[in-house]
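See below for the structure under consideration.
The values are calculated or read from the model by the stated rules, or taken from the named source; none is laboratory data. For clarity, every value in this text was computed on a predicted model and none was experimentally measured. Heads up, the Cβs are rebuilt from the backbone with ideal geometry, glycines too, and the neighbour counts pull from every protein chain shown.
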Amino acid sequence: MKFFYKSLFAAIFLSVIFSSCTRQKKDIIILTDQESVASYVELFNSSQNEYRAIIEYQANPSKAFDNPVENMPDIILGPWLKNEKLRKNFLSLDYLFNDQRLNTKDFYKQLLELGNIKGHQYLLPVSFNLPLVLFSQKNASLMPDDFMLSIDQIKQLGQDYNKQNKNGVYTAMGFSPRWDSDFIYTVSKLFNTNYAENTPLFSYNLAAMDKTIEYIKDWSVSTNSTTEAEDDFKFKYLYNPSYKLITTGRCLFCYTKSDDLFSLSNDRLQNIDFRWIHYNNQIPVQDKINYIGIYRKSRNQDAAQAFILWLLKDENQKNILERQEKMNLTNKAFGIAGGFSSLKSVNEKYFPLHYPILYGHLPTAENLLPPNILPSNWEEVKKRAILPYLTEMTSTENTENVVSLETRTKELLKQIY
């Protein structure tokens, strides 16, 4: 249903925008994978008479440069734009800061730096997301911190919550790191596995990867007996959405991400609470960060610049959030372009008004740990190679026959290229 509502919302705006007329001199084409941007375009077009923005949707905007065509987009807004192959296609935006139309202090420093290549700002951050653990409000008194939980704290609290019957079968299990393979991946990032774009596809820190595997295996054995016990418990009880699972009392925590949690209605967020996941006070930013840039051969750089300056203005993002709430869609995208805003003031001033559960829970800039620059097909690499490897290697059963990550990557490279 979520996809249906988002697609319907986007289709309505796209049909209106494209039906008006063909592209004129002062038109700009914005290519994005974010359906919610259709609403932003309508607001921008109605706010002034000089320029008109036209939106195009593509599931992976980074592929726009694979086969360049005559009518290329002027602006690209989406993830996976920072890698070496793609960033050469963007115009330097240094001048927007040099003449003080944008201020570096307004952005999260770590995210802004990711879009800066060799001293030049080619891409500007728009939105980001963070990992978290969800729990029932009735268990809030168990939490030692009001803002974050370390992976060690999650481990200990999960163990304390466990219950077994007289036959040693778990009737309640606080948490398993293997219930969601993305949690293991998150731990690997916190242990500085340092996934990064590299020849032929990506590089990583082997010692940190091995540390992650041993840590997760020890977690399963020391808190939940075996991975078999964890898998059996998951099969028996964990078949509802995460926000429902924690209210049953069967488990203490569920792992999820901010865009998944805050896209739920306020009704579904009742009686639940959450904490950001950290290690050494670092919260890992999700890999899929949305950036915006101007194509270096844009036909109308002035209009493209005008849209970016409009989008990255505090007051306009306030209006965007208000409009989204007034539309009252059954399922709506979280925040700005599906995440927290890259503008600190917007998160601090406006997000708690629209997402009351965020009161006292806003992420702080100094805690954010951004990812490295990654290949544009990183989600496929992660899904088909990294996550299966981590899941199999962290099993407490025999792992002698697990296919190595290097072999998986080589096979994936053959299929991709």
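Within region 255-268, count every residue that is in contact with a Pro (Cβ under 8 Å, 6 or more places away or on another chain) and either at pLDDT below 90 or outside the structural domain of Ser136 (by TED's automatic domain parsing) (or both).
1
Among the residues of region 348-403, how many are closer than 30 Å to Thr226 by Cα and in contact (Cβ under 8 Å) with a residue 12 or more places away in the chain?
So the count comes out to 19.
Checking Ser345 against (1) crowded, with 19+ Cβ neighbours inside 10 Å; (2) over 18 Å from Gln286 (Cβ atoms); (3) hydroxyl-bearing (Ser, Thr, Tyr), only one condition comes out false. Which one?
(1)
Identify all residues within region 362-391 that are assigned to a strand (DSSP E or B) and more than 24 Å from Lys217 (Cβ to Cβ); write none if there are none.
Across region 362-391, the qualifying residue is only Leu368.
Got a number for residues in region 158-177 being surrounded by 13 or more Cβ atoms within 10 Å (Cβ to Cβ) and either of a type in the set (Val, Ile, Thr) or under 29 Å from the mean Cα position of the chain (by Cα) (or both)?
Here the count works out to 8.
Has region 187-198 got at least one residue that is touching a strand residue (DSSP E or B) at 6+ places or on another chain (Cβ under 7 Å), assigned to a strand (DSSP E or B), farther than 17 Å from Cys254 by Cβ and not hydrophobic (A, V, I, L, M, F, W, C)?
For region 187-198, residues touching a strand residue (DSSP E or B) at 6+ places or on another chain (Cβ under 7 Å), assigned to a strand (DSSP E or B), farther than 17 Å from Cys254 by Cβ and not hydrophobic (A, V, I, L, M, F, W, C): absent.
How many residues, within region 219-257, are in contact with a helix residue (DSSP H, G or I) (Cβ under 9 Å, 6 or more places away or on another chain) and either part of a helix (DSSP H, G or I) or on the phi > 0 side of the Ramachandran plot (or both)? Please lay out each step first, then the result.
In the first step, residues of region 219-257 are kept if they are in contact with a helix residue (DSSP H, G or I) (Cβ under 9 Å, 6 or more places away or on another chain); the result is 219-224, 226-227, 229-230, 233, 237-240, 242-243, 245-257.
Next cut, either part of a helix (DSSP H, G or I) or on the phi > 0 side of the Ramachandran plot (or both) only: 219-224, 227, 229-230, 233, 237, 242-243, 245-249.
Of the residues in that region, 18 qualify.
For region 348-361, how many residues are surrounded by 16 or more Cβ atoms within 10 Å (Cβ to Cβ) and either assigned by TED's automatic domain parsing to the domain that holds Ile277 or in a loop (DSSP other than H, G, I, E, B) (or both)?
Initial filter on region 348-361 (surrounded by 16 or more Cβ atoms within 10 Å (Cβ to Cβ)): 350-351, 354-355, 357-358, 361.
Next cut, either assigned by TED's automatic domain parsing to the domain that holds Ile277 or in a loop (DSSP other than H, G, I, E, B) (or both) only: 350, 355, 361.
Adding up the residues that qualify gives 3.
Which of the following residues is touching a helix residue (DSSP H, G or I) at 6+ places or on another chain (Cβ under 6 Å) and hydroxyl-bearing (Ser, Thr, Tyr): Ser376, Ser404?
Ser376
Would you call Ile54 closer than 23 Å to Trp310 by Cα and touching a helix residue (DSSP H, G or I) at 6+ places or on another chain (Cβ under 8 Å)?
Values: closer than 23 Å to Trp310 by Cα: yes; touching a helix residue (DSSP H, G or I) at 6+ places or on another chain (Cβ under 8 Å): yes.
Yes; evaluated as a whole, the condition is true for this residue.
Answer yes if at least one residue in region 308-326 is surrounded by fewer than 20 Cβ atoms within 10 Å (Cβ to Cβ), assigned to a loop (DSSP other than H, G, I, E, B) and in contact (Cβ under 8 Å) with a residue 40 or more places away in the chain, and no otherwise.
no
Among the residues of region 138-157, which ones are buried (at least 20 other Cβ atoms within 10 Å of the Cβ) and farther than 23 Å from Asp210 by Cβ?
Once the filter is applied, which keeps residues that are buried (at least 20 other Cβ atoms within 10 Å of the Cβ) and farther than 23 Å from Asp210 by Cβ, region 138-157 yields Met148, Leu149, Leu157.
Tell me which of these Leu252 doesn't satisfy, since it passes every other one: (1) under 22 Å from the mean Cα position of the chain (by Cα); (2) more than 26 Å from Leu374 (Cα to Cα); (3) crowded, with 21+ Cβ neighbours inside 10 Å; (4) not β-branched (Val, Ile, Thr).
For Leu252, the failing item is (1).
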